[in-house]
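The values are calculated or read from the model by the stated rules, or taken from the named source; none is laboratory data. Everything numeric in this text was worked out from a predicted model, so none of it was measured. Cβ placement follows ideal geometry from the backbone for every residue including glycine, while neighbour counts extend to all protein chains displayed. Only protein heavy atoms, including side chains, enter the accessible area calculation; ligands, DNA and RNA are left aside. Shrake-Rupley method; radii C 1.70, N 1.55, O 1.52, S 1.80 Å.
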Amino acid sequence: MPKNKGKNAFFFFMAHWKKREEAHGRTFPNGFKDVQQDPECNAEWQSLTKQEKGNFESMAKNDKVASQISAKDKKTSLGESLIMLQQKEQEALMFLKNMQENIKVIIDTAVNLNFLAELKFCFVHVNWFFSMIVNNTLEYFPAEYTFGVFSLKNGIEDVHHIIVSAKIPLGYRREALEISQNSHKIPVEYEGGETDFAVMYDKLANFLESRKLVDQYPYLYTRKAFTREAQSLIAKLCDAAHQDKEQFKIYELESLFVHLANELFKTRKDRVMDSIPIYAHKIFENYTYRFDKGFECHFHKYVDEGPEYCSKSVLQQWAWTLCDEFCAPLNIKMQPGVHQPDRFKSNHFEERSLMSMMSNLQVKDVSEQHRRKVSSRTYQEDMRRRSESTPVQMIDCSKFQDGTSTSNNESSITKSASKSAIKKRTEYLNEKPLRPPNVDPRMYITSVEDLIPTDDENFPPIGGRGVSNRSRTFQSRKAPLGKGSILLP
């Protein structure tokens, strides 16, 4: 098996030279074969200084090392390099370590400078339609996302909300419909949303531009369970705009809670410091503010379960949860609508919206012509029924059951009332008498004994064993099924 020596420095120079010449309009039908035979390429390579060639030589050296590693490396069933997977795990651990250190530095700096109440944090939440695997990486197609700027003093100060109306790729529409129906209720390819991911990136960059710190975008906080969705959204926006996704860092909201609690729970005696990491993961799963209305987006305001799944409302729920825990240690007065939901205002808004809807209702009179059209009776019949109607007569049937005597007047009233009722029903409604049921008369059997043969003399027991047919205990027999037949009990 031949050794994989890797590519030399001249190869990387040819790749660079080919890309530059193609930008000027030249073509190379045979690829690198034409580039290698081109006298201009060889002349330029010979004219390079040792320092200029050093860049291409370092590329060749790195490629040689990578080729040697790949030759010895084992693969997974998905074709992934085990060494690369271990490297990714180490990078993930390093990212978590840097995240904890950076959050701690931010909190400690704010405490030392006494502006922790005004310190701003940026939250992000994403709703999605479906997920797919691309290059062994799980990606999520966004349906709605919200970025919000939060501080303990002012609550949610600014919000950037987008509903995505981009076209669903072929083969994923059913999954998108199911997830939409079971969660956020946003229609697939919703009219009125954004369709271009490059435009979405520009709007997000403009929203975060004023929050930059030394040319660095602020850290974006979301729950640990939603980290992949947020990372997938950032990658999709950056790829569409040809930008580097590394400029955005997705941090865990639970870690921010832990560092805030380590600093502010020192003055609270109702919190156990050793249980803060567990408490941080459970506090955001509570249903305290999940159904509070009034902060949804324009779409979820009129959708069932809108406050629970709307990404804009979810950011408010996170903000209220943090305010419940950390406003008191900072001596911040809780204001309805800022640090907690204004439920009185929300109920008043619902009452006003209900009254406005009821005021807009219009009750139209049904015309006589429409009444005649939909009615089964003619106008003359209806007027005759009204003129000949008699008041309802109440008859006490208990007197008949008790055997007490009744007057001839009551009996005559009963007979006349029944006769008049039958006459009117046949006269005005043109109804026919009910026909008897289509039942075979042979199926009316008075007793089970009718089914038992009684000729014991001609049909004695076989071989002297057994008992006579009359003495047998028969179970209920089922009559043959068919149209109009009945079943025996």
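Here are some notes:
- Scanning region 111-142 for residues that are farther than 28 Å from PRO187 by Cα and at pLDDT below 90 turns up ASN135, ASN136.
- Taking the numbered list (1) outside any loop (DSSP other than H, G, I, E, B); (2) within 33 Å of the chain's Cα centre (by Cα) in turn, SER67 passes all entries but (2).
- For region 197-213, the tally of residues that are touching a residue at least 40 places away in the same chain (Cβ under 8 Å) and basic (Lys, Arg) stands at 2.
Results for (1) surrounded by 15 or more Cβ atoms within 10 Å (Cβ to Cβ); (2) in contact with a Leu (Cβ under 9 Å, 6 or more places away or on another chain); (3) farther than 30 Å from ASN8 by Cβ; (4) hydrophobic (A, V, I, L, M, F, W, C), shown as yes or no for each residue.
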{"position": "LEU82", "(1), (2), (3), (4)": "no, no, no, yes"}
{"position": "GLN87", "(1), (2), (3), (4)": "no, no, no, no"}
{"position": "LEU93", "(1), (2), (3), (4)": "no, no, yes, yes"}
{"position": "MET99", "(1), (2), (3), (4)": "yes, no, yes, yes"}
{"position": "ILE103", "(1), (2), (3), (4)": "yes, yes, yes, yes"}
{"position": "ASP108", "(1), (2), (3), (4)": "no, no, yes, no"}
{"position": "PHE130", "(1), (2), (3), (4)": "yes, no, yes, yes"}
{"position": "VAL134", "(1), (2), (3), (4)": "no, no, yes, yes"}
{"position": "LEU138", "(1), (2), (3), (4)": "no, no, yes, yes"}
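- Out of PHE326, PHE295, sole residue that is open to solvent by 10 Å² or more (accessible area, probe 1.4 Å) and of a type outside the set (D, E, K, R): PHE295
- Any hit, region 211-231, residues being among the small types (Gly, Ala, Ser) and either at pLDDT 95 or above or not assigned by the TED database to the domain that holds LYS97 (or both): yes
- Residue match in region 42-54 (condition: at negative phi, in a loop (DSSP other than H, G, I, E, B) and either open to solvent by 70 Å² or more (accessible area, probe 1.4 Å) or out of contact with any Ser or Thr (no Cβ under 6 Å at 6 or more places or on another chain) (or both)): yes
- Test: residue in region 131-143 that is among the acidic types (Asp, Glu) and within 26 Å of LEU322 (Cβ to Cβ): no
- The residue pairs whose first member lies in region 378-396 and is open to solvent by 80 Å² or more (accessible area, probe 1.4 Å), whose second member is not basic (Lys, Arg), and whose beta carbons are closer than 8 Å, counting only pairs six or more residues apart or on different chains, are ARG384/TYR428; ARG385/TYR428; THR390/SER420; GLN393/ILE413; GLN393/ALA417.
- Conditions (1) touching a helix residue (DSSP H, G or I) at 6+ places or on another chain (Cβ under 9 Å); (2) hydrophobic (A, V, I, L, M, F, W, C); (3) at pLDDT 85 or above; number of the one not met by ILE69: (3)
- All positions within region 260-269 that are aliphatic (A, V, I, L, M) and either over 32 Å from the mean Cα position of the chain (by Cα) or surrounded by fewer than 19 Cβ atoms within 10 Å (Cβ to Cβ) (or both): LEU264
- Residues being on the phi > 0 side of the Ramachandran plot and touching a residue at least 60 places away in the same chain (Cβ under 8 Å) - total across region 146-189: 2
- Some residue of region 115-126 being assigned to a strand (DSSP E or B), touching a residue at least 40 places away in the same chain (Cβ under 8 Å) and aromatic (Phe, Trp, Tyr): yes
- ILE278 satisfies every condition listed in (1) among the hydrophobic types (A, V, I, L, M, F, W, C); (2) farther than 29 Å from GLN181 by Cα; (3) open to solvent by 80 Å² or more (accessible area, probe 1.4 Å); (4) in a loop (DSSP other than H, G, I, E, B) except (4).
- Residue under evaluation PHE265, criteria (1) more than 25 Å from GLU209 (Cβ to Cβ); (2) in a loop (DSSP other than H, G, I, E, B); (3) touching a residue at least 40 places away in the same chain (Cβ under 8 Å), criterion not met: (2)
- Residue count, region 159-196 (criterion: outside any strand (DSSP E or B) and open to solvent by 30 Å² or more (accessible area, probe 1.4 Å)): 21
- Residue-level analysis places PHE257 among those that are open to solvent by less than 10 Å² (accessible area, probe 1.4 Å) and in the same structural domain as SER131 (by the TED database).
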